[in-house]
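Q: Supplied in structure tokens, the structure appears directly below.
Bear in mind that the values in this text are calculations on the coordinates, not laboratory data. Computed from a predicted structure; not experimentally measured. Positions of Cβ are backbone-derived with ideal geometry, glycine not excepted, and every protein chain shown enters the neighbour counts.
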């Protein structure tokens, strides 16, 4: 039997030792007395070769051949080959959560280095060992703000990813937490910062923004953060980590909690997961932060080493009073992010940032030369921008599929008043030729 | 070992990126650019690879050692699953493709994987439907109790704010219940380690929303009253949640849906062989009986009559979006491959051999270690280091002694109702020879604890570091190397 080494002789010997004549008797003695189920819908076992062939065939039914301009928070970045090799070391991926620190220094040091990388990217002093994804991280940030301020309202920018906002709505539904969404003007792409500040009251625990926002627009937040602080609320920013290669950091702008989706840091798109939620906070908030945290300490001989720390916040100790129910981090994804940032390095990260921004800029210029396509909103963007098409963008995206392009995300799916708008993402993977072909295909779809 | 940030040198870089083939211009004003580059490592690719290889050697994993960590089901992670998850047709697939117009047709292979895995899980659990969305076990628990909350809300039963949780439960159960807005009430265990039925009856009333029961329980035993518990809970108008952390004990042999549970999560990273990843990513699908189907999270994958697959989003009573997309697809894919290789006849052998291995260890170690709750176990057996404690040797010391002997320790100090608990779960993927070696090591440690306890309490001696100062770690926080 695959994966099960006991032979009949082994089983006989072990059953005898356990004073049972048969497996049936063992089940009886272990209190399992109902008849076994039929399991008629489970197929008979297949060989490894047959399973591989079956799954190759399914994989080939997925349209990865499309030239991709869809982002919307999840990006098609290059992943150096060495990342997979390093993360593929089975000493990492077949280990459990590092509860026995002496036997887990590899994982623990890697998480400490990951936490350091997140701090350096965001300019924040402290990070946890990661959370499930960007959406759950943002919800955890709200809960954290609720614990810190004893207030139960979150003011959320309408320019925060609707995917995240839907998740927050779902998680808050039983918790007596008020969510106030500050809408954005459909002809613009900024976050209506004045309206956001206006919405903050003495009931507000936190203000939630995204950077760059869901439309790709990059905004200066420093003044708004000051105003939020003046009203004694917590300022939370969900950031796109690759953009931070180039952009003024959330830490520099004064945010208290920085979260985000870490998929872009070397993690495959993999049809929606597994991904990586990151969270970094100001020092004074760390004891209210959810999730695993690794700290550096010393052993009995004074030698440096790493342990899980501040565990008194966590579910296995605090039970219903814990900061969160989360017990895993996304350890292997955090390791992947660290491996990616190590391989790409300081210089490479700058290059990736510059390539993305330049190629997006080039793509936008080309698209705006096409008759009937108009710019929408602010000009400052990193690698994603909104254009207005002369028709329903969803229809046009459908036609672009036939031309071999995933042309972008039709914003009408999120915002009923943006039916003609298209959100286009460009990463360092897209070549000049692909971008030109994309613009040509778009022109053909619109006008021929 | 040196941090990656102190290796290499300024100006070195190992990456090979495409050249800029468009004008070097962007739309970001200088005021919105970061002033100083993020201080990422500056190492060659070889230096990077060597660093991670050295780190990996400071870890114990299933591939290097026996890993009988109770309640965690550290079974072998088949390598074919990793190969399949890395296929570009899956790994490079953008999750928003199906949301483009006519996009569902672009991801039929991936949707088939989700759908077929869902069907098999529902069959194995004895439930109508399973949501593949939850991203981990605890996330599955949260989803499950949110479904219970939604059910009572939909029935106008607003008073039901209490979740009953046995004292032997994992800490995530009360934490998850709290996140779904419930108050928790603890139910004690009886002298056999089962739920105390009288105590349960006293707490059951019209304010109770449900019970969260780990089945088999955290002592590794099957509570013989579990059907009666479900019946009592139902009679009181509440629902029964099954924590499926221990599903490996019964997979293919007993279906929780058949004995009265209403909702249950399983851990793909336990029972279904996907890697633990040193603490995630996991996946925690939740199966439900018919009456909870309307509240399942969106989206669901359905199979149309023409054999194609589609995503469904429109469920009026759904609790909404608990995950950004369709769950941890890469993990679901591995579990799918595992189920296909094993097939019906293989799955039955999983629980049989897991239970047999655990009982074998139990009888072999009984002469040397105390058991607070004796009797036949399921897939794991729980001992107490109480006899050894008399000589000053605690469960923690035994754990460290095992590390020195090349074996990852069992779970210790859980469940909380057992003094000095040592919880051993061998899984079905270990050979009898390795199990016999482990038994012998445990016997040797017990003997040494008696004759020379200091030789145990001094452990570990062979690891990269000795016991670490956790108090200093919490007091003098050092969580990152900053620039």
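Q: Calculate the mean, over all residues of peptide A:166-177, of how many other protein chain Cβ atoms lie within 10 angstrom of the residue's Cβ.
A: 5
Q: Also: Fewest Cβ neighbours within 10 Å first, please rank A:75, B:313 accordingly.
A: Lowest to highest Cβ neighbour count: B:313, A:75.
Q: Which angle from 0 to 90°, rounded to the nearest 10, does the C-alpha axis of helix A:162-172 make with the longest principal axis of chain A?
A: 50 degrees
Q: If you don't mind, there's one more thing I want to ask. What Rg and what Dmax come out for segment A:245-357 when only alpha-carbon atoms are used, in angstroms?
A: Rg, Dmax (Cα atoms, Å): 16.7, 50.
Q: Per-residue Cβ counts within 10 Å, from other chains only, averaged over A:350-357: what number is that?
A: 5
Q: Something else about it: How large is the convex hull of the Cα atoms of segment A:1-105 per residue, expressed in Å³ as a whole number?
A: 288 Å³
Q: What ratio of Cα Rg to 2.2 N^0.38 Å holds for segment B:113-152?
A: Here the Cα radius of gyration is 1.22 times the empirical estimate.
Q: Starting from the Cα gyration tensor of segment B:170-265, take the square roots of the eigenvalues, sort them a ≥ b ≥ c, and report rounded, prolate or oblate (rounded when a/c is under 1.5, otherwise prolate if a/b is larger than b/c, else oblate).
A: Here segment B:170-265 falls in the rounded category.
Q: Separate question: For a protection proxy built on the mean count of beta-carbon atoms within 10 angstrom, sort A:55-62, A:279-286, A:238-245 highest first, please.
A: Listed from highest to lowest mean packing, they are A:238-245, A:279-286, A:55-62.
Q: A further question on this structure: Dividing the Cα radius of gyration by the Kirkwood radius, what Rg/Rh value follows for segment B:381-433?
A: 1.00
Q: Next question. Rg (Å, one decimal) plus Dmax (Å, integer) for the alpha carbons of chain A?
A: Rg, Dmax (Cα atoms, Å): 25.3, 84.
Q: Hey, what number do you get for chain B at 222 nm if only DSSP H runs of n ≥ 4 count, each worth -39500 (n - 2.57), divided across all residues, to the nearest 500?
A: Helix contribution divided over all residues of chain B: -10500 deg cm²/dmol.
Q: While we're on this one: Where does helix A:331-368 land angle-wise versus the long Cα axis of chain A, in degrees 0 to 90, nearest 10?
A: 20 degrees
Q: Please grab the % of Cα pairs in chain B that end up more than 30 Å from each other. Numbers along the way, then the final one.
A: Values: 63914 of 116403 pairs.
Of the Cα pairs, 55 percent sit more than 30 Å apart.
Q: If you don't mind, there's one more thing I want to ask. List the equivalent ellipsoid semi-axes of segment A:329-431 in whole Å, largest first, each obtained as the square root of 5λ for an eigenvalue λ of the Cα gyration tensor.
A: After diagonalising the Cα gyration tensor, the semi-axes are 30, 17, 13 Å.
Q: Quick one: Debye curve from the alpha-carbon atoms of segment A:84-207 only, equal weights, vacuum; give me log10 I(q)/I(0) at q = 0.14, 0.15, 0.21 Å⁻¹ to two decimals.
A: The computed values of log10 I(q)/I(0) come out as -0.79, -0.86, -1.20.
Q: Once segment B:84-340 is represented by equal point scatterers at the alpha-carbon sites, with solvent omitted, what log10 I(q)/I(0) does the Debye formula produce at q = 0.09, 0.15, 0.16, 0.17 Å⁻¹?
A: Log-scaled intensity ratios, in q order: -0.39, -1.02, -1.14, -1.27.
Q: Which percent of Cα-Cα pairs in segment B:351-457 sits in each 5 Å bin, short to long?
A: For segment B:351-457, the pair-distance distribution reads 2, 14, 25, 27, 20, 9, 3, 0.
Q: A further question on this structure: Given segment B:177-223, report the % of alpha carbon pairs whose separation exceeds 15 Å.
A: 49 percent
Q: Sort A:220, B:312, B:428, A:40 so that the residue with the fewest other Cβ atoms within 10 Å of its own Cβ comes first and the one with the most comes last.
A: A:40, B:312, A:220, B:428
Q: Run the Debye formula on the Cα coordinates of segment B:208-337, all scatterers equal and no solvent, and tell me log10 I(q)/I(0) at q = 0.11, 0.12, 0.17, 0.20 1/Å.
A: Rounded to two decimals, the profile gives -0.47, -0.55, -1.05, -1.28.
Q: Using Cβ contacts closer than 10 Å as the measure, can you line up B:57, B:362 from fewest to most?
A: So the ranking, lowest neighbour count to highest, is B:57, B:362.
Q: Given segment B:84-340, what percent of its DSSP beta bridges are antiparallel, to the nearest 5?
A: 40 percent
Q: Moving on to the next point. Shielding of B:330-339 by partners, i.e. mean partner chain Cβ atoms within 10 Å per residue? Mind dumping the intermediate values first?
A: Values: counts 10, 3, 4, 5, 0, 0, 4, 6, 3, 5.
Per-residue shielding by partner chains comes out at 4.
Q: Still on this structure, I have one more. Return the ratio Rg/(2.2 N^0.38 Å) for segment A:220-304, where Rg is computed over Cα atoms only. Don't jump to the answer; show the numbers that get you there.
A: Details: Rg = 16.3 Å, N = 85, 2.2 N^0.38 = 11.9 Å.
That works out to 1.37 for segment A:220-304.
Q: So, one more: From zero up to wherever the largest Cα-Cα distance of segment B:1-84 sits, split into 10 Å bins and tell me the percent of pairs in each.
A: Percent of pairs per bin, in order: 12, 23, 26, 22, 12, 4.
Q: Run through the DSSP bridge list for the protein assembly as shown and note the antiparallel percent, rounded to the nearest 5. Before the final figure, lay out each step's value.
A: Numbers: 46 of 83 bridges.
Looking only at bridges with both residues in the protein assembly as shown, the antiparallel portion is about 55 percent.
Q: Sticking with this one: Output needed for the protein assembly as shown: three equivalent-ellipsoid semi-axes, defined as square roots of 5 times the C-alpha gyration tensor eigenvalues, in descending order, whole Å.
A: 45, 30, 27
Q: Please report, in cubic angstrom per residue, the volume enclosed by the convex hull of the alpha-carbon atoms of segment A:81-339.
A: Here the figure is 135 Å³ per residue.
Q: Nearest 10 degrees is fine. How inclined is helix A:134-149 to the longest principal axis of chain A, computing both from alpha carbons?
A: Helix A:134-149 sits at roughly 90 degrees to that axis.
Q: Next question. How many percent of DSSP beta bridges within chain A run antiparallel, rounded to 5?
A: Antiparallel bridges: around 55 percent, rounded to the nearest 5.
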